[in-house]
Amino acid sequence: MTMAPQTEEQAKDIAIAGMPARRSPPLQLLAILMKSPVGMAGAVIVTAVVLIAIFGPVISPHDPLNRNIRSRFKPPGFEDTSGKVYSLGNDQLGRDILSRIIAGSRVSVLVGVISVLISGTIGVIYGLISGFVGGILDSVLMRIVDGLLSIPFIILVIAISGVVGAGLSTLILILGFTGWITYARVIRGEVLKVREMEYVIAAYALGQSRFKVMFLHILPNVVHSAIVLAAVQVGVTILAESSLSFLGLGVKPPTVTWGLMLSDGRQYINSAWWMTLYPGIAITITVLGVVFLGDWLRDFLDPNVRGRA
Amino acid sequence: MRGFFISRLIQLIVTMFIVSVVVFFILRLSGDPILVVAPDFFSEEQIEQMRRFWGFDRPLGEQYLTFVTKAITGNFGTSYLAKRPAMELVFERLGYSWMLAAASAAIGLTIAVPLGILSALKRNSLLDLVITALSSLGTAMPSFWLGLMLIIIFSVHLGLLPVFGALEAKSIILPSATLGVGMAARLSRMTRSAMLEVLSQDYVRTANSKGLQHKTVILRHALRNALIPIVTVFGLQLGWLLGGSVVVESVFSWPGLGRLMIDSISVRDNTVVQAGLLFFALSFILINYAIDVIYVILDPRIKFQ
């Protein structure tokens, strides 16, 4: 698929990206971001979720773990005798849904960020070695990737976490050590292209070692593909965590996660719809933000787009 | 053409070999597989006996070889729980899984292809914007949550459709709609970009300037060529569909392979988990194999290689 500038807007963004920096780089990036409504929406959502995750305990209206049997299953907007409002209702133990959604954002952010850092690092190094070394090693490494890719990601993760056991840190590691497969092939393909570039040949001619060429000249030129993929993977990972926790194979109570909240909601689906509706909206908005930001990053970082301007 | 099938067959065997290694070692990740299933009150001696019975006292390489040679003949061992061959259990569920996957794929394609074409034809219009927004939304939504919401709307509030199991024909509607919508969201985006790419090709311009009817140009010239990338993406998204089906089958208690796997994982019935994993991988590989063949039929420019 070619990524031609689709609108004048984009063409303008690209022109700006190519211009010498007049403002400081972060400000410049923000200026480009402002030009894309989708990118901006993504950035706002992602920033908001991260802030909520960090400042959760401060902004949370109630204690997310506080049980109150007398106010269980109260619908959204419920006000107790002391005048406290529970805007999104209560669950089967009388805990405030809004506070629990705020608390649950932590797990999503943690899992999304750390797992993707782990899987990205492994995947980039794997792809780099496979593409750079080439030959038999490349064939072997790529056949392994083919094999692993033929087991659908979530099924692989379900099987591993079923065997290894659940828990937040275990889950982060499992998602980190399985997610790399996606990067390996893409990075390898990029390396194959970059490997033949003149500046790489020039680096060899100047007497640089293979190791230096690989990490100083090839890696920086393939890393943009990894960043775009990483944005996609953050969304995939957050969805995977919620699926696993929902199935009881991920994070365990009393840790609060959106997937576990949905699992509670399913138990009382006949009576308390709000227990299911709101955590799902939280997941959807978060992933949507990541997807938007990823789409924008792809257009922004894709060398095909930038090269043409 | 024979060369194509032979090289593909070799590729298939290599991939299945790697899958078998992965599947075999996944269950060793927990350390000693016997300690996982042995009851707490078993003595050291009894555990040792059990280990010998299941062959876990042999060297790892030998264990793998035994596993593979048996697996090739369709023998995955006996389910710890059901005390029946794991293969039998898998076969009982396979039909349900395929039925659900086929229905979901059909729903996905029926929604995605027309919407994707429309979106490409009316590019940058309000309609395009709405379709694109909906497809982003559908991609971001967890499939099992959509399933739960459909249950709330259609079963709990409207009382129209059954929630659990596969007892009546109507039972397939909700699970397949759940997965179909997710599939449609993923496919319509790709249909749109494939169609856009084709519409800018010279042969479409030629067909238009020949004075052919717009409808003829779109359906006969553009769509036929756009189908190739659509088919490819469809093959890739099947992985999502199979994965999603595992979770969605659990939501709706649909008696497919995914639900069998989840149930077996929670009771540590490892032989069934192994058999299930291998069958998921095999279905995925075989469908993509079939798609490669369809690819060549759709596009005579690609020769069997």
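What the table below lists for this structure:
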item: Residue, nearest to B:Val247 (Cα to Cα), within region A:246-258, restricted to residues that are touching a residue at least 24 places away in the same chain (Cβ under 8 Å) and buried (at least 24 other Cβ atoms within 10 Å of the Cβ); result: A:Leu249
item: Filter result (more than 8 Å from every other protein chain (Cβ to nearest Cβ) and over 20 Å from the mean Cα position of the chain (by Cα)) within region B:12-30; result: B:Phe24, B:Phe25, B:Arg28
item: Condition met for B:Leu277 (over 27 Å from B:Gly116 (Cα atoms), assigned to a helix (DSSP H, G or I) and under 15 Å from the mean Cα position of the chain (by Cα)); result: yes
item: Qualifying residue in region B:137-151 (condition: β-branched (Val, Ile, Thr), part of a helix (DSSP H, G or I), over 13 Å from B:Gly244 (Cβ atoms) and more than 8 Å from chain A (Cβ to nearest Cβ)); result: no
item: Subset of region B:110-135 (residues that are within 23 Å of the chain's Cα centre (by Cα) and surrounded by 18 or more Cβ atoms within 10 Å (Cβ to Cβ)); result: B:Ile111, B:Ala112, B:Val113, B:Leu115, B:Gly116, B:Ser135
item: Looking only at region A:135-161, and only at residues there that are free of Cβ contacts under 8 Å to residues at least 24 places away in the same chain and not hydrophobic (A, V, I, L, M, F, W, C), the one that is farthest from the other protein chains (Cβ to nearest Cβ); result: A:Gly135
item: Residues of region A:244-288 satisfying the condition of being among the basic types (Lys, Arg) and out of contact with any Gly (no Cβ under 8 Å at 6 or more places or on another chain); result: A:Arg266
item: Among the residues listed as B:Ser193, B:Ser264, the single one being part of a helix (DSSP H, G or I), under 30 Å from B:Ile26 (Cα atoms) and either within 14 Å of another protein chain (Cβ to nearest Cβ) or in contact with a Phe, Trp or Tyr (Cβ under 9 Å, 6 or more places away or on another chain) (or both); result: B:Ser264
item: Selection within region A:162-172 - more than 8 Å from chain B (Cβ to nearest Cβ) and either touching a residue at least 60 places away in the same chain (Cβ under 8 Å) or surrounded by 20 or more Cβ atoms within 10 Å (Cβ to Cβ) (or both); result: A:Ala166, A:Gly167, A:Leu168, A:Leu171, A:Ile172
item: Number of the condition not met by A:Val236 [criteria: (1) under 17 Å from A:Ser105 (Cβ atoms); (2) at pLDDT 90 or above]; result: (1)
item: Region A:277-304: number of residues that are at pLDDT 90 or above and of a type in the set (S, T, N, Q); result: 2
item: Helices (runs of 4 or more DSSP H) wholly inside region A:203-307 containing at least 3 residues that are among the hydrophobic types (A, V, I, L, M, F, W, C) and more than 25 Å from A:Ala184 (Cβ to Cβ); result: A:258-267, A:274-301
item: Residues located in region A:57-79, provided they are more than 13 Å from A:Arg95 (Cβ to Cβ) and either part of a loop (DSSP other than H, G, I, E, B) or not aliphatic (A, V, I, L, M) (or both); result: A:Pro57, A:Pro75, A:Pro76, A:Gly77, A:Glu79
item: Residue count, region B:234-246 (criterion: within 10 Å of chain A (Cβ to nearest Cβ) and more than 26 Å from B:Gly77 (Cβ to Cβ)); result: 6
item: Count - residues of region A:263-280 that are aliphatic (A, V, I, L, M) and more than 9 Å from chain B (Cβ to nearest Cβ); result: 2
item: Residue pairs meeting the criteria (Cβ under 9 Å; at least 6 apart or on separate chains; first in contact (Cβ under 8 Å) with a residue 24 or more places away in the chain, in region B:2-15; second exposed (fewer than 11 other Cβ atoms within 10 Å of the Cβ) and of a type outside the set (S, T, N, Q)); result: B:Phe4/B:Lys303
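The values are calculated or read from the model by the stated rules, or taken from the named source; none is laboratory data. Remember, predicted model here, so these are calculated numbers, not experimental data. For neighbour counting, all protein chains shown are included, and Cβ atoms are generated from backbone atoms with ideal geometry for every residue, glycine included.
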